[in-house]
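Inspection log for the structure reproduced underneath, given as structure tokens.
The values are calculated or read from the model by the stated rules, or taken from the named source; none is laboratory data. Note that this is a predicted model, so its numbers are computed, not measured. Note that we place each Cβ from the backbone using ideal geometry, even for glycine, and neighbour counts take in every protein chain shown. Areas reflect the complete protein model, heavy atoms only, side chains present, ligands, DNA and RNA absent. Shrake-Rupley method; radii C 1.70, N 1.55, O 1.52, S 1.80 Å.
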Amino acid sequence: MTLNVERVSVALGGTTVLGQVSMTVPDGGFTALLGPNGSGKSTLLRTVYRARRPDSGRVLVDGTDIWAMPAAWAARRTGVLAQEHHSGFEFTVTETVTMGRTPHLKGLDRLSRKDHDVVGQALEQTGLTRFATRRVGELSGGERQRVLLARALAQQPRMLVLDEPTNHLDVRHQLEILELVRGLGVTVVAALHGLDLAARYADTVVVLQEGRIVADGSPSTVLTGDLVRDVFEVAAIVDKADDGLLRVTTRPLRSGRVR
Amino acid sequence: MSVAAVRVRRSLEAATVPYPMILGVLGAAVVVSVVVATGIGPVRIAAGEVTSILLHHLGGGGDTAANADLIVWRLRFPRVLLGAVVGAGLALAGAVVQSVVRNPVADPYLLGLSSGASVGAVAVITTGVSALGAMTLPVAAFAGAAAAMAVVLLLARHRGRLLPLRLILVGVTCGHLLGGVTSFMLARAENSSAQQQIIFWLLGALSGANWSVLGAPSAVVVAGCFWLLLRARRLNVLVLGDEASAGLGVNASRLRLELLLVTTLLVGTVVAVSGGIGFVGLIVAHLARMLVGADHRRMLPVTALLGALFLVWADVAARMLITPTELPIGILTAFIGVPFFLLVMHARGLAAEGSP
Amino acid sequence: MKRGLGAAMLLLALTGCGGTAPAASEAGVTVTDCAGKNVTFPQAPRRVVVLDGYAAQSMVRLGLGDRITAVGFTKPFSVEKGPIKAELARLTVLTADSMPTTELVAAQRPDLVLTSASTFGGAPGSPKESDLSTMDAKGLAACVPGGPLTTLAPTYDFLLRIGKVFRVETRAEQLVAELKTREQAVTAKAGAGPKPTVLILPDNPVAGQPVPTSSPSTIPSAVVTAAGGQNVFADVTGTRVQVSPEKIVERDPQIIVVVTDYSFAKLKGQALVDSIRANPLLANTSAVRSGRVLSVSQYLTQFPSPLNVDALEQVAAGLHP
């Protein structure tokens, strides 16, 4: 599924958060959004998964403006994995993953055999089958994030939107999640903090700074020491590791001061 | 069906007691309780006679001149049924409000609904307006609840969104303001009979029930329950928050608005006939979650049945505890409700550390 | 709601009454109820359930004791000293300490339910107007109009309406005439003298809390006024009135009338009077310093009843010794 973002602008309280942002993610592509905190990554993603209507511009999925379609229509095509705050109620893992079927169901519809199959498969793919009856609140952070991924998979999306999906996860779980997503073969657009992770999994990176795209292209062409220095305000050395992948080493521009 | 799918179905029905059995047992308990509660009252009437009176009428028989017929069929039975309907309505509304504001200690009165209803009712009582005859008070109470909710929604809306925290803040604030208005009107009431009516109304009561007041609340509670079941799946999603809702194709703000309008209808109609009965809306939903989990498709019907059961028996206690005098039912729901609520909190605290 | 509970208890006690003129029609007798609606009685009621002792005393004094099927809240009988005491004692009692609940009333199959309160359904579980129509009974309540009350008009109005409904108008007019004569004797004697200021207290004031008192629209205040005193809080409105202790000191009542026997008061009778005399909050009032603290039972003054005139005479004797 192809994603086209066309000149999307968003302002919050008079401040421009996104200004005329355009980008294209080809079918099956993995695009990583990079940029410091407050650069507009999350806001851009929110316009894509229908959480924030753009003030101007369009978001097209396979040529259709998602903001002109019902919310459920978009949710049958796009799955989301974002940071979720825990609420007071305790659903079980299966209940939570089953909620991924919501956009495919109407009012009193009972779960069909197909729905059960999809949920079961999502649990298996994420290695959660043995946690099926546990409450989400009892799980660890990494397991919880896998539950949310399973829920997104249960939507049977052709595109996944990931908003810093690996925050608060240890290295092993970060890699596991992205490995899994990469292996699905669906279109992926992900906001990532780790430059290494972006270099490893994305085939395109888009760099945002103060709500505007300052660079895009393949990781090896975009991620240069100068760019990292300009956008993230850190000194960086970019080189190739033994496995042929890009390696980004960063250190503070001036030591001993926190700005 | 794959092995995984079988496992999914099993884990969805993982409760130690199968869900249909819980529903069946509760349904039967409500029916039995209504009949038994109709047999209990300050005037002793033999169980056999109560049953035969009920069967006579349910079989289409008309009123008879017998004393027992008057007491059982025209006074007690409508009251017990009203208790069941009011209990179910308040419990459902409580469950919905808790999900809408994502706060487990919310109750249907949190958003100023009952305070609004009180202002409407008290205004009618103190001014003595009776434009709509016997329906004046319920209509005014409902109008008050609806007006309060309209104001709360208007003030809580921000950039086209309806967020839980803002709803709670605005609702609680407006509720206090309206409560002050009620207290002021009560203090200034010139007429002692008006004052008595106001106080009795504020405490909530099922007395004065008869067949004519049963219709509207019954219809609204049944229709409301059905409508909520249609939305139950999306209600689950709503609990996860606005972002997750958006990702799952649910417009959280619009669903909240719809749910609050239905809650207004439920609470407004119920409070209009019974006054402000507390605690049912707060605790019953928690008990239902403990029994069948947080999935609204399972817990909403259980909530309605438990609410009906709870209020039917609270009313029996109100009628019988210090017989032949009667206690306001609000006292009983508090006596039973508060310790129970603390117990549930304690149990929840043990089951899931970190969640409120 | 929690505050409402205490208030409900207080209110059950602090209720008073005024009325409207009855009108006859061809089909029967029509009287006006407290809300201004006409109620028609094709014939005199035969089975009357009386919800409280005050109304029962009115009935029996009108010679209608044989129409009473059953009676509730009989505590006011304890102050009855007249010749009707024996007849009151013979009545069937449903509930001695409270108003009877709807079912108990319905089981008597009344054609009339009578109360001295100005509304039905005020006490928890007692029949409401809707319950009365369910049991095919009519209701008759004493009415207090609201607004300052200086005479016992609500009492006379209630007696006359009962007389009308039971077709014993002559007897009712006679009784009212007797009561009025006694009232006029008191007011005539008091009219000439000075009018001392009076604080009416239903209970011993507690430091730091507002003090409940009787507003000018209540029977106790009417009794004090007719007896030649003036309610020190004659300017307050509403019925459920609470005043600040500071205002009591500022207004410095010359006399305190304690209305005793309310259920919410811990002490009863003389013990309550003694505790009020000893209350430091009131120690500086002229009333306490001069020892002028009187008492009268709520059973004589709370609701319209012929005994209101006994209360009037008793209070007048204390005000103008």
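Every residue, every condition in (1) in contact (Cβ under 8 Å) with a residue 24 or more places away in the chain; (2) buried (at least 19 other Cβ atoms within 10 Å of the Cβ), yes or no:
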site: B:41; (1), (2): yes, yes
site: B:48; (1), (2): no, no
site: B:51; (1), (2): no, no
site: B:59; (1), (2): no, no
site: B:65; (1), (2): no, no
site: B:70; (1), (2): no, yes
site: B:81; (1), (2): yes, yes
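In this structure, does residue C:69 turn out to be in contact with a Lys or Arg (Cβ under 8 Å, 6 or more places away or on another chain) and at pLDDT 95 or above? So residue C:69 fits the description; yes. Kindly indicate whether residue A:59 is in contact with a helix residue (DSSP H, G or I) (Cβ under 9 Å, 6 or more places away or on another chain), open to solvent by less than 50 Å² (accessible area, probe 1.4 Å) and on the phi < 0 side of the Ramachandran plot. Yes; evaluated as a whole, the condition is true for this residue. Of all residues in region C:49-78, those that are hydroxyl-bearing (Ser, Thr, Tyr) and surrounded by fewer than 23 Cβ atoms within 10 Å (Cβ to Cβ) total 3.
Listed here are the residues, each with its yes/no results for (1) under 26 Å from residue C:190 (Cα atoms); (2) without any contact (Cβ under 8 Å) to a residue 60 or more places away in the chain; (3) surrounded by fewer than 19 Cβ atoms within 10 Å (Cβ to Cβ); (4) touching a Gly at 6+ places or on another chain (Cβ under 6 Å).
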site	(1), (2), (3), (4)
C:219	yes, no, no, yes
C:245	no, yes, yes, no
C:253	yes, yes, no, no
C:285	yes, no, no, no
C:290	yes, yes, yes, no
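Take region B:83-109 and flag every residue that is β-branched (Val, Ile, Thr) and open to solvent by 10 Å² or more (accessible area, probe 1.4 Å). Scanning region B:83-109 gives B:85, B:105.
Kindly indicate whether residue B:187 is modelled with pLDDT under 85, open to solvent by 10 Å² or more (accessible area, probe 1.4 Å) and away from chain A (no Cβ under 12 Å). Yes. If you go through region B:1-21 and keep only what is hydrophobic (A, V, I, L, M, F, W, C) and either at pLDDT below 65 or crowded, with 19+ Cβ neighbours inside 10 Å (or both), you end up with B:1, B:3, B:4, B:5, B:6, B:8, B:12, B:14, B:15. Evaluated against (1) within 14 Å of chain A (Cβ to nearest Cβ); (2) over 30 Å from residue B:237 (Cβ atoms), residue B:97 falls short on exactly one condition, (2). Could you say whether any residue in region C:197-210 is open to solvent by 80 Å² or more (accessible area, probe 1.4 Å), within 21 Å of the chain's Cα centre (by Cα) and farther than 19 Å from residue C:254 by Cβ? No - not one qualifying residue is present in region C:197-210. I want to confirm something. Restricting to region A:7-40 and keeping residues that are open to solvent by 10 Å² or more (accessible area, probe 1.4 Å) and outside any strand (DSSP E or B), which single residue is nearest to the other protein chains (Cβ to nearest Cβ)? The qualifying residue nearest to the other protein chains (Cβ to nearest Cβ) is A:13.
Within the option set A:197, A:184, A:149, A:175, being at pLDDT below 95 and closer than 19 Å to residue B:244 by Cα holds for one residue only, A:149.
Just so you know, in region C:141-156 the residues that are away from chain B (no Cβ under 14 Å) and in contact with a Ser or Thr (Cβ under 7 Å, 6 or more places away or on another chain) include one that is least open to solvent (accessible area, probe 1.4 Å), and it is C:155. Annotation: residue C:265 fulfils all but one of (1) small (Gly, Ala, Ser); (2) crowded, with 20+ Cβ neighbours inside 10 Å; (3) at pLDDT 90 or above; the unmet one is (3).
To keep it simple, each residue is scored yes or no on (1) in contact with a Cys (Cβ under 6 Å, 6 or more places away or on another chain); (2) within 24 Å of residue C:143 (Cβ to Cβ); (3) within 14 Å of chain B (Cβ to nearest Cβ).
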site	(1), (2), (3)
C:197	no, no, no
C:206	no, no, no
C:211	no, no, no
C:223	no, yes, no
C:234	no, yes, no
C:238	no, yes, yes
C:245	no, no, no
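Kindly indicate whether any position in region A:61-71 is free of Cβ contacts under 8 Å to residues at least 12 places away in the same chain and within 7 Å of another protein chain (Cβ to nearest Cβ). Checked region A:61-71: no residue is free of Cβ contacts under 8 Å to residues at least 12 places away in the same chain and within 7 Å of another protein chain (Cβ to nearest Cβ). Screening residue A:102 with (1) open to solvent by 30 Å² or more (accessible area, probe 1.4 Å); (2) within 7 Å of chain B (Cβ to nearest Cβ) gives one miss only, at (1).
Output the residue which, of all residues in region B:321-334 that are farther than 17 Å from residue B:107 by Cβ and not β-branched (Val, Ile, Thr), is farthest from the other protein chains (Cβ to nearest Cβ). Ranking the qualifying residues of region B:321-334, first place goes to B:321. Residue B:129 meets the stated requirement of being open to solvent by 10 Å² or more (accessible area, probe 1.4 Å), of a type in the set (Val, Ile, Thr) and outside any helix (DSSP H, G or I). Within the span defined as region C:219-227, one or more residues are in the same structural domain as residue C:306 (by TED's automatic domain parsing) and in a loop (DSSP other than H, G, I, E, B). Of the residues making up region A:106-121, none is open to solvent by 40 Å² or more (accessible area, probe 1.4 Å), assigned by TED's automatic domain parsing to the domain that holds residue A:151, farther than 25 Å from residue A:54 by Cα and touching a residue at least 40 places away in the same chain (Cβ under 8 Å). Selection of region C:109-140 for residues being assigned to a loop (DSSP other than H, G, I, E, B), within 10 Å of chain B (Cβ to nearest Cβ) and open to solvent by 40 Å² or more (accessible area, probe 1.4 Å) yields C:109, C:128, C:136.
One residue stands out in region A:130-141 among those that are open to solvent by 30 Å² or more (accessible area, probe 1.4 Å) and out of contact with any Ser or Thr (no Cβ under 8 Å at 6 or more places or on another chain): the one that is nearest to the other protein chains (Cβ to nearest Cβ), namely A:138.
Kindly indicate whether residue C:91 is assigned to a loop (DSSP other than H, G, I, E, B), of a type in the set (A, V, I, L, M) and surrounded by 19 or more Cβ atoms within 10 Å (Cβ to Cβ). For residue C:91, the condition - assigned to a loop (DSSP other than H, G, I, E, B), of a type in the set (A, V, I, L, M) and surrounded by 19 or more Cβ atoms within 10 Å (Cβ to Cβ) - is met. None of B:208, B:144 is open to solvent by less than 40 Å² (accessible area, probe 1.4 Å) and outside any loop (DSSP other than H, G, I, E, B) except B:144.
Taking the criterion of being part of a helix (DSSP H, G or I) and of a type in the set (Lys, Arg), the only residue of region C:286-321 that qualifies is C:289.
Scanning region B:309-341 for residues that are at pLDDT below 85 and touching a Pro at 6+ places or on another chain (Cβ under 8 Å), we see that the one that is least open to solvent (accessible area, probe 1.4 Å) is B:328.
Would you be able to tell me the number of residues in region A:200-259 that are among the small types (Gly, Ala, Ser) and on the phi < 0 side of the Ramachandran plot? Summing the residues that are among the small types (Gly, Ala, Ser) and on the phi < 0 side of the Ramachandran plot in region A:200-259 gives 9.
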